Amino acid sequence: MADVEPPVPEQPSDARGRRTAKRRGRARKRHTVAKVLLATALSLAMVTGLGTIWLYRDLNSNLTVLDVVGQLDNRPDKPSDDEPGEPLNILVMGSDDRDGAGNNIDGLTGDGERSDTTILFHLSGDREFAYGVSIPRDSLVTRPECEAEDGSTIPGAANAMWNEAFALGGPACTIQQFEQLTDVRIDHYVVVDFAGFQTMVDAIDGVPVCIPEDIEDPAHGIRIPAGSREIEGKEALNYVRARYTLGDGSDIGRVKRQQAFIAAMANKVVSGGVLARPDRLVGFLQAATEALTVDPGLSNVLQLSKVGLGFNGIGLNQIRFITVPWAYDQREEFRGRVVWTPAAETVWQRVRDDEVISRRLDSTAINAGNVPGSPGSGSDDGSDGGSDGPSGGSSDGPDSGSGGTDDARSEEDKAALEAAGLCT
């Protein structure tokens with residue numbers, strides 16, 4: 001039998017060969033791309049992780065921490081609360097020290113430091129509301145004795161201006177004074193100086209304001225033209241410092257402008273794109289941590305951010321700013337100074353009880369979601385009658401209202417804003 005050659009396997013056509021080669025090529029490419037993507041992802045994760053650790057450590061190292069608890073005595077108790085979160089009382093003090101780096105804004109060095117800005121921020125236990133209560137620096141109070149940093153005793157005094165406590169004993173004496181006069185326990189404190197404030201404003205590229213008339217104060221080197229725009233740098237600092245050439249020239253007017261500026265600043269940080277812009281956010285955090293002196297309870301950015309998230313979750317419209325009810329002192333020797341009215345005790349009781357400040361007490365309040373001069377702002381802030389101005393809010397009626405027409409309340413609010421040198 002003749003030999004039979006084994007069949008030769010059918011060779012693939014050129015088309016099939018090309019398809020097979022392409023599939024193998026794509027498989028190799030996918031494998032290569034997958035490896036590159038994996039390596040890139042791991043590298044990014046490592047860099048991001050290291051960057052986060054670096055940023056965390058860097059921000060923490062920026063903070064100045066000062067423990068003053070040992071200088072405080074006879075402290076009020078904090079009422080128990082059944083809310084899921086703890087109510088927090090944070091005392092914010094603005095230092096006018098000219099001797100630190102960047103603080104010599106007008107050549108007035110050598111006089112130590114005072115606190116021309118004092119605001120109590122109350123954050124509710126249920127995180128449903130928050131408010132800031134400003135205390136005018138010209139308030140006349142009976143200052144209690146306090147302990148200096150070296151352990152010596154700083155004697156108290158009657159008819160003392162509020163900001164003398166800071167000049168004599170720094171934040172410890174201001175906290176001691178606040179707690180003894182209000183029976184409200186302070187959980188945390190924050191101090192910010194001139195340079196730090198300016199840097200924070202610059203980090204978010206300015207804050208929107210509305211100035212109804214030119215501000216001219218040659219004695220302090222202040223000149224700010226009227227108009228609605230964003231201000232930053234020294235101009236922003238001058239705006240919140242200006243006193244004698246704007247509105248009625250009182251410290252009360254300056255307090256209201258400071259409230260409006262802080263509200264506008266909070267508005268921009270939360271809703272103006274700062275949180276969504278990593279470059280701006282990191283810059284703001286760098287500036288803020290470098291600017292602040294805090295207690296040990298706020299000694300790292302995680303603790304600070306926890307408090308900040310509490311405010312952020314409330315909503316801008318539920319963060320309000322009022323001034324402690326006040327009246328001008330009628331004694332000739334204290335002309336221009338102010339005293340707290342009996343309604344002030346109602347405010348402090350609301351803080352102690354973790355309750356909303358009634359509308360009768362905050363009819364001229366500014367909220368961070370509706371800053372004066374911005375669209376939809378002005379008097380229609382959901383407030384009701386009464387006033388926290390010179391009348392002091394003579395009584396504390398229910399939140400549902402205090403009588404009077406909407407138009408009357410609107411004119412009252414406009415008058416208060418105009419007296420503060422704000423657009424209406």
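The values are calculated or read from the model by the stated rules, or taken from the named source; none is laboratory data. Computed from a predicted model, the values in this text were never measured in an experiment. Counting neighbours? That spans all protein chains shown, and the Cβs are built from the backbone with ideal geometry, glycine included. The accessibility values were calculated without ligands, DNA or RNA, using every heavy atom of the protein model including side chains. Shrake-Rupley method; radii C 1.70, N 1.55, O 1.52, S 1.80 Å.
Among the numbered criteria (1) assigned to a strand (DSSP E or B); (2) open to solvent by less than 10 Å² (accessible area, probe 1.4 Å), which one does R223 miss?
(2) is the only condition that R223 fails.
How many of the residues in the stretch 200-220 are more than 18 Å from G94 (Cβ to Cβ), charged (D, E, K, R) and open to solvent by less than 60 Å² (accessible area, probe 1.4 Å)?
1
Got a number for residues in the stretch 236-249 being assigned to a helix (DSSP H, G or I) and either at pLDDT 90 or above or of a type in the set (A, V, I, L, M) (or both)?
Result for the stretch 236-249: 3.
Can we say D295 is open to solvent by less than 50 Å² (accessible area, probe 1.4 Å), out of contact with any Gly (no Cβ under 8 Å at 6 or more places or on another chain), among the charged types (D, E, K, R) and farther than 24 Å from V65 by Cα?
It is false that D295 is open to solvent by less than 50 Å² (accessible area, probe 1.4 Å), out of contact with any Gly (no Cβ under 8 Å at 6 or more places or on another chain), among the charged types (D, E, K, R) and farther than 24 Å from V65 by Cα.
Go through the stretch 169-199 and give me each residue that's assigned to a helix (DSSP H, G or I), at pLDDT below 95 and open to solvent by 30 Å² or more (accessible area, probe 1.4 Å).
Residues satisfying the conditions are F197, Q198, T199.
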